[in-house]
Amino acid sequence: MSRSFRIVTNMTLAVLVVLTSILFLAPENAQSQEPSLEGNGGWIGPRGPVPPPDLEGKVVLFDFWDYTCINCIRTFPHLNALYKKYKNRGLVVVAIHAPEFSFAAEPKRVENAIRLYKLTFPVLLDKNQRLWNRFHNHYWPADYLFDRKGHLVYHAFGEGGYDLLEGQIRQALHLSPEMGPSNEPEFPESLTPELYAGTDRGHIGNPSGFHPEGMALYAGNSPPPSLITLRGPWRTEADRIVSRRPINGKSSSLTVIYHGTGVNAVLKRAEGKKPLDVLVYLDGKPLLEKGFGKDIRILSSHRPGILLREARMYSLVSGLPFSEHRLELVFPDRGAALYTLTFNP
């Protein structure tokens with residue numbers, strides 16, 4: 001099971017999550033000696049290929065990530081801060097980009113992500129997940145910390161645990177413990193988990209489920225919470241759902257009842273298609289400006305939404321009080337593919 005996870009400190013939620021996954025692994029359960037990096041897809045920066053960093057005799061933190069993963073994205077400020085703080089003391093952060101979806105393997109898209117999220121540490125491509133397998137990794141994000149002799153001293157996956165990670169880095173660098181305010185995020189118990197759209201891992205609220213032939217006209221009524229309920233014409237595939245041409249005036253749309261402060265969507269348009277509009281409604285109305293995610297704009301139809309150009313994660317809703325909301329996405333044109341929806345705490 002290859003999923004993205006967040007580390008939780010609330011005991012009740014931790015008990016629920018541990019039923020399906022283990023959030024921390026002891027070093028002896030992972031690759032104990034620093035694996036070879038041979039066969040990788042190359043070192044990359046915001047403007048193209050770059051020379052590899054010198055890892056000899058360094059404390060190295062390998063971080064597996066994918067630019068479509070919101071759990072990974074939320075760790076970037078912490079990783080940037082750790083790298084800035086300790087790079088002159090012997091730490092190297094190596095971000096291994098192992099794509100979850102095939103479109104995310106293109107180097108140009110990774111370059112765009114490096115610029116977008118202002119990553120300051122070295123990035124290594126793992127297009128075919130060779131390093132992923134060599135590290136015996138299963139999750140995004142995942143951290144592997146090796147000391148100067150190449151021995152694994154710490155391994156964890158998911159969000160959070162930043163204080164513990166920094167403590168392990170300081171220990172590997174032979175620095176004294178540092179006391180300070182906690183830097184741990186809070187994740188409410190009722191936060192809606194990541195929802196996958198494709199048939200392999202899809203979370204669909206339609207009573208009929210996915211149509212077996214892949215193409216169907218869905219009639220989603222009374223959507224249940226924390227599931228994707230489809231309406232109108234859709235094509236369903238293993239890892240995504242794709243909007244179709246409107247039928248009898250009905251466009252492809254979906255509804256999700258969620259708990260959170262914001263919503264993100266991994267979207268891609270069909271090759272060769274012009275940029276596509278995706279309309280965003282919240283709680284039965286066009287999204288109000290106070291809830292605009294950073295990718296929202298007023299479209300030519302004079303309604304709020306996104307202009308789908310690049311294949312990436314889009315910020316749809318942001319900055320609202322944590323509560324239950326009803327999200328509706330409308331796809332007026334065919335060729336827009338949705339992979340996942342994620343929700344902000």
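The values are calculated or read from the model by the stated rules, or taken from the named source; none is laboratory data. Predicted model, so just to flag it, every value in this text is computed and none were measured. Note that we place each Cβ from the backbone using ideal geometry, even for glycine, and neighbour counts take in every protein chain shown.
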Quiz prompt | First in region 289-304 and among the charged types (D, E, K, R), second anywhere and surrounded by 11 or more Cβ atoms within 10 Å (Cβ to Cβ) and assigned to a loop (DSSP other than H, G, I, E, B), Cβ under 8 Å, 6 or more apart | solution = 290/319; 290/320; 294/318
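Name the residue, out of 158, 167, 214, that is within 23 Å of residue 102 (Cα to Cα), in the same structural domain as residue 109 (by TED's automatic domain parsing) and out of contact with any Gly (no Cβ under 7 Å at 6 or more places or on another chain).
From the options 158, 167, 214, the qualifying one is 158.
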Quiz item: Within region 93-102, is even one residue over 28 Å from residue 269 (Cβ atoms), at pLDDT 95 or above and in contact with a Phe, Trp or Tyr (Cβ under 7 Å, 6 or more places away or on another chain)?
Solution: yes
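Which ones in region 103-131 are more than 20 Å from residue 46 (Cα to Cα) and surrounded by fewer than 19 Cβ atoms within 10 Å (Cβ to Cβ)?
Selection gives 128, 129, 130.
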Practice problem: State yes or no: is residue 289 exposed (fewer than 15 other Cβ atoms within 10 Å of the Cβ) and farther than 26 Å from residue 215 by Cβ? | Solution: yes
Exercise. Answer yes if at least one residue in region 260-278 is closer than 20 Å to residue 187 by Cβ and either free of Cβ contacts under 8 Å to residues at least 40 places away in the same chain or in a loop (DSSP other than H, G, I, E, B) (or both), and no otherwise.
Key: yes
Practice problem: Select the helices (runs of 4 or more DSSP H) contained entirely in region 46-140, then report the ones holding at least 2 residues which are in contact with an Asp or Glu (Cβ under 8 Å, 6 or more places away or on another chain). | Solution: 70-73, 76-86, 107-116
Quiz prompt | Residue selected from region 238-259 under the condition over 26 Å from the mean Cα position of the chain (by Cα) and assigned to a strand (DSSP E or B), by the criterion nearest to residue 317 (Cα to Cα) | solution = 250
Practice problem: Examine region 320-327 for a residue that is in a loop (DSSP other than H, G, I, E, B) and under 21 Å from the mean Cα position of the chain (by Cα), and state whether such a residue exists. | Solution: yes
Practice problem: Might you check whether a residue that is over 29 Å from residue 259 (Cβ atoms) and either in contact with a strand residue (DSSP E or B) (Cβ under 7 Å, 6 or more places away or on another chain) or charged (D, E, K, R) (or both) occurs anywhere in region 180-203? | Solution: no
Quiz item: Taking region 21-44 only, how many residues are among the aromatic types (Phe, Trp, Tyr) and modelled with pLDDT under 75?
Solution: 1
Quiz item: Mind checking which pairs have a first residue in region 118-141 that is outside the structural domain of residue 61 (by TED's automatic domain parsing) and a second that is not in a loop (DSSP other than H, G, I, E, B), Cβ under 8 Å, 6 or more apart or different chains?
Solution: none
